[in-house]
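This report concerns only the one structure given below.
Nothing in this text is a laboratory measurement; each read-out follows from the coordinates by a stated rule. Everything quoted here is computed from the prediction, not taken from an experiment. Backbone-built Cβ (ideal geometry, glycine too); neighbour counts: all protein chains shown.
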């Protein structure tokens, strides 16, 4: 099974979804799409980091930012992370808290 899962490691993907600092974190980015929620390692440069300032997940309403990303899948043990190397069409969303 490990061998099958590790085949995905290094695969490049494109996806659209919500992006921001995780609910239980002050610094760790997360990305949420129709495929699930993933931890993010940002490898898109200083400008991308600056553009994500203020993007954050809340407990009930998700993130206040959406984007299209290009990323590499990183599988390590039971953990799947996305190494995001490109962010496009970043939009800030005004969400009403519940």
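Taking the stretch 52-86, which residues are crowded, with 17+ Cβ neighbours inside 10 Å and on the phi > 0 side of the Ramachandran plot?
First, pick out the residues of the stretch 52-86 that are crowded, with 17+ Cβ neighbours inside 10 Å: 52, 55-57, 62-67, 69, 71, 74, 81-82, 84.
Residue satisfying the conditions is 62 alone.
Determine if the stretch 29-50 includes at least one residue that is at positive phi and in contact with a strand residue (DSSP E or B) (Cβ under 7 Å, 6 or more places away or on another chain). No, the stretch 29-50 contains no residue that is at positive phi and in contact with a strand residue (DSSP E or B) (Cβ under 7 Å, 6 or more places away or on another chain). Scanning the stretch 52-78 for residues that are closer than 14 Å to residue 30 by Cβ and either in contact (Cβ under 8 Å) with a residue 60 or more places away in the chain or under 14 Å from the mean Cα position of the chain (by Cα) (or both) gives 52, 55, 56, 57, 62, 63, 64, 65, 66, 67, 69, 71. Scanning the stretch 36-51 for residues that are surrounded by 11 or more Cβ atoms within 10 Å (Cβ to Cβ) and more than 9 Å from the chain's Cα centre (by Cα) yields 43, 44, 45, 48, 49, 51.
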